[in-house]
1. Given the rule -39500 (n - 2.57) for each run of at least 4 DSSP H residues, summed and divided by the residues of the chain, what is its mean residue ellipticity at 222 nm, to the nearest 500 deg cm²/dmol?
2. Between His16 and Asp36, what is the spin-label point distance in nm, taking each point 7 Å from the Cα along the Cα→C-beta axis?
3. Could you give P(r) for the stretch 65-132, binned at 10 Å from zero, as whole percent values over all Cα-Cα pairs?
4. Can you pull out the GluC sites (Glu not before Pro) in the stretch 1-93 whose DSSP state is coil and whose Cβ has at most 12 other Cβ atoms within 10 Å?
5. Test of the criteria: in the stretch 66-163, which chymotrypsin sites (Phe, Trp or Tyr not before Pro) are in a DSSP loop and have at most 16 other Cβ atoms within 10 angstrom of their Cβ?
6. Take the cross-link list Lys78/Lys143; Lys77/Lys152; Lys6/Lys103; Lys89/Lys114; Lys6/Lys47; Lys116/Lys152 and give me the ones stretching past 20 Å between alpha-carbons.
7. Can you list the residues, at least 5 places off or on another chain, whose amide H is less than 5 Å from the amide H of Met107, using H built in the peptide plane?
8. Roughly how many Å is it from the Cα centre of the stretch 129-163 to that of the stretch 37-53, as a whole number?
Amino acid sequence: MPEAVKINIQKPQGHHCFACGTANPIGLNLQFYRLDDAVYSEITLEKNHEGWENMAHGGIVSTLLDEVMSWTIMYFKKTFLVTRKMEVKYIRPVLIGTPLVIKGEVMDDLSPPKVKARAEIRDDDGNLLVRSLGEFVELSMEKLSSVPEGLKAEMLSLFNNFE
């Protein structure tokens, strides 16, 4: 059986999204890759991501899950979307200074334009720390009136290059 190939996913440059933007000086600047039928990101959270002492803030943790689920749907469905709702289950503390792997997968479609995804965060020992279920809504070009035309064109170009 052939070994799975890790495929790096391109993202737009110069934007201020807190989770994936490259131009946000306080953002996470998440990078993504595909492995089989999932999208992944890896990060080590630092002191400025802390909630309780030595633990990542729950809002930052949920941001990681939301962003990976979003990129998973964008990658596999090549569509614009927004988060409709998500449920997060915190299982173990997410410690700062610990390498984390976030994995996202598309689940069965609901009635279009809704799409379900799930995500999980594991530490470098493979321990499950957090999991999430999300419901997202695909957006038509008409519903993206507040998004600059250049960004829409850039994203459509990226969608066309996703394998």
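Just so it is clear, none of the values below were taken in a lab; they were calculated from the coordinates. The structure displayed is predicted, hence computed values, not measured ones. Every residue, glycine among them, receives a Cβ derived from its backbone with ideal geometry; neighbour counts consider all protein chains shown.
1. Numbers: 2 runs with 33 residues, N = 163.
Helix contribution divided over all residues of the chain: -7000 deg cm²/dmol.
2. 4.0
3. Histogramming the stretch 65-132 at 10 Å steps yields 20, 49, 24, 7, 0 percent.
4. Working: sites: Glu3, Glu42, Glu46, Glu50, Glu53, Glu67, Glu87; in loops: Glu3, Glu46, Glu53.
Those satisfying the criteria are Glu3, Glu46, Glu53.
5. On the way: sites: Trp71, Tyr75, Phe76, Phe80, Tyr90, Phe136, Phe159, Phe162; in loops: Phe162.
The qualifying sites are Phe162.
6. Numbers: Lys78/Lys143 16 Å; Lys77/Lys152 16 Å; Lys6/Lys103 13 Å; Lys89/Lys114 22 Å; Lys6/Lys47 30 Å; Lys116/Lys152 23 Å.
The answer is Lys89/Lys114; Lys6/Lys47; Lys116/Lys152.
7. Distant-sequence amide H within range of Met107: Lys116, Ala117, Arg118.
8. 23
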